[in-house]
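Worksheet: the structure to be examined is printed underneath.
Where a number appears in this text, it was derived from the coordinates with a stated rule and is not lab data. Since the structure is predicted, the reported quantities are computational estimates derived from the model, not experimental observations. FYI the Cβ positions are ideal-geometry reconstructions off the backbone, even for glycines, and counts take in every protein chain you see.
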Amino acid sequence: MSGAPLLAVEDLTLHYATRAGEVCAVDGVSLTIEKGQALGLVGESGCGKSSLALALLRLQPDNAQILSGKVLLDGVDLVSLSDEAMRAYRWNRIAMVFQSAMNALDPVYRVGDQIIEALEQHVPSARKQLIERVQELYDLVNLDHSFIARYPHEYSGGMKQRAIIAMALACEPDLIIADEPTTALDVIVQDHILREFGNIRRELNMSMLYISHDMAVIAEVSDVVAVMYAGKIVEYGTAEEVFTRPIHPYTQALMSAFPSVTGEKHELATLGGEPPNPLGLPPGCHFHPRCPFATDICAEQEPPTVRRGEHWADCWNPPEEQGDD
Amino acid sequence: MASYLLSRTIQILLTLFAFICIVFFLVNAQPGDISNVYAMNPELPPDARERLQSQFGLNQPLWQQFLVYVKNVFTGSFGLSFSHYPRSVADVIAERLPRTVALFFTATVFSFYLGFMLGKIIAWKRGGWTEYATTLGGVTLYTVFTPWFALMMIWLFAFKAGWFPIGKFLDPVLWREAPIEANTLFGRMMLTALALSIVVFAVFLATTRLRISGARLIQLGSLVVAVGVMIGIWRATGTGNLAWDIIKHMVLPVLTLTLISFAGTMLLTRNSMLETMREDFVLAARAKGLPEKAVRDKHVARNALLPVVTSLVFSLAFAIDGGVIIESVFSWPGMGQTLVAAAIAEDLPLAVGAFVFVGIFVLLAHLAVDVIYVFLDPRIRY
């Protein structure tokens, strides 16, 4: 962790204009990713993690607006760039592995041509060299060369995911955003792909923002973990710190909802209640209606930040330091 | 693919046979026959009427008439036309069909091109005033009372401005000493149009596939050269002025037809585009940093094209039917007018023949759509 970070998101706020009213999907989020680092962003569905990911590429839907904040990539603020200048950053500097890899490939073009399309946009060269590059990428993700000239419907789910990863690696971006890339795959394929993807990423020294609701996956791939709830980051720290000594009650609840293979057998805890309605967020700490440790003040004032070294969380009632679980 | 085509051909023949049966009995179910037209004529003796009936075989039982008719269809003559006696139905249709096809095919192609382009744009800029203005204008023209609108077009552009002839498909004075039949010329004009579109399509395909820089310029240049060469050939044959005469007669009806029908394609394209725009691969195309125009044309419009092509091919099939209203207003001697005249004159073989021709074209269009889909959508394989 030396020098300026590769990506610094500063106080980013994104609103959706919906028929029912304004929805604040991303509420003053700040985070940094160092060169070569993997940040895991975890949270329930609808907490704003995908909105955040799209906002980094300025691909938020038409009814969404970035109200304030900066997205600094190597010191350049992407939020204030012109559309034309922004296009040069997409894929070339920040690539994305989509949530639904199944549908991220255009059904009417050959997969190889879709990868070449991205290459031509940013690193144009002769067609022969482009095809060689695609072959390299296919080797990297363990796909057979004969599939370069095939159409997406001829690929299996796992192969599509590999092809999507190959496409994301094509321009050797500095940062890859992976938005729940393996959710549609079965666990064994998922595990294989995650492992290979992790190895490639470390070899090429790329940074990654990995988004998931699955704590187990996040634990496997991340160096640093950010926990998101109702548009805010509520806990942030190294993966080891967050998983062994979680501060925020929400993080604790997420962790106890996952089974441990090696640990003692016990009934899985469930987190009561529902994710908050984004149109009418509870005042104070947004988590207080579902929090087992909530006190009166939680419903009245925004929680303070509790810092334990690099590891922090926003909570009124953090557990004692040096707690066992 | 080959076995698929074979089974489809058999299917088409069976459907066609069923279609012929239905049309034949439906048309014959109406009361009266060709002799009714003369029934009111006091100078026609009763036995002459009977002779007329027996001459055309109308006194035979219907099932026998049907067998004769089926034989006529499969030997290609489609029977004798009563009102154009002794010409066969196939002969009459062969004379009228090219005129209708030239007019309605051209208009259908124009209206689909215009509709697809506009639909693409209004889907992309949805919510803006351009969308409302275009939709309102298109739907107004789509729903306007056609005879009134056609007459207004004639009044404005042919009568007031005098830019185009008022009706008919050629100028009789000019054609009096013409060395060539109008239909032969029609055939040549259509071959020219076909050759032209093949050249343009080939150049377009070659320039996009080979990724030559300045593709736009080459495409435009080749179009100009091809058109120039065609005009040169027509001039050299000395029939250029006759062809030009027919084209002048076609402009107004084609324009009218295009204006009253493009909105259908436009709205279909728009809806198809809006559906495709929600797909993840469109988001992926943007994330790849492609320019908006490439995202729109290469990914969204390309995928939105499928239902539009289906609709186009069917419209082309029905184009041979002509339009009774448009053909009447523009005095265009095509299939629509033939059908109406045949029905009024109780010329049942000609009426049935005209319907059967439409049926044949529609069945062939179905087959064509299936084949075109293989090229448009790689997921479809037979």
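A few remarks follow.
- Gap separating the Cα centres of region B:226-289 and region B:90-126, nearest whole Å: 8
- Helices in chain B, meaning DSSP H runs of at least 4 residues, each add -39500 (n - 2.57). Divided by all residues, the mean residue ellipticity at 222 nm is -24500 deg cm²/dmol.
- Shown here for region B:260-295: trypsin sites (Lys or Arg not before Pro) in loop regions (DSSP other than H, G, I, E, B) with at most 11 other Cβ atoms within 10 Å, namely B:R278.
- Cα-Cα over 27 Å, subset of A:K232/B:K125; A:K160/B:K298; A:K70/B:K288; A:K232/B:K293; A:K128/B:K288: A:K232/B:K125; A:K232/B:K293
- Cα-centre dipole for region A:7-314 with unit charges at Cβ (Lys and Arg positive, Asp and Glu negative), debye to 20: 380
- Calculated mean residue ellipticity at 222 nm for chain A: -8500 deg cm²/dmol, from DSSP H runs with n ≥ 4 weighted as -39500 (n - 2.57), summed, divided by the residue count and rounded to 500.
- Tail fraction, Cα-Cα pairs, the protein assembly as shown, threshold 42 Å, whole percent: 48
- Compared with the rule-of-thumb size 2.2 N^0.38 Å for a compact globular protein, chain B has a Cα radius of gyration ratio of 1.17.
- Remark: region B:114-121, residue by residue, has Karplus-estimated 3J(HN,Hα) of 4, x, 5, 4, 5, x, 4, 5 Hz, where x stands for each Gly or Pro and the curve is 6.51 cos²θ - 1.76 cosθ + 1.60 at θ = phi - 60°.
- Under 5 Å between amide hydrogens, built in the peptide plane, is the criterion, and for A:Y229 it picks out A:V234 among residues at least 5 positions away or on other chains.
- A Stokes-Einstein calculation at 20 °C with viscosity 1.002 mPa s, built on the Kirkwood radius of region A:7-314 over Cα pairs, returns a diffusion coefficient of 104 µm²/s.
- With all pairs of separate Cα atoms included, region B:2-74 yields a Kirkwood hydrodynamic radius of 14.8 Å.
- Expected-Rg normalisation [2.2 N^0.38 Å, Cα atoms] applied to region A:206-289: 1.17
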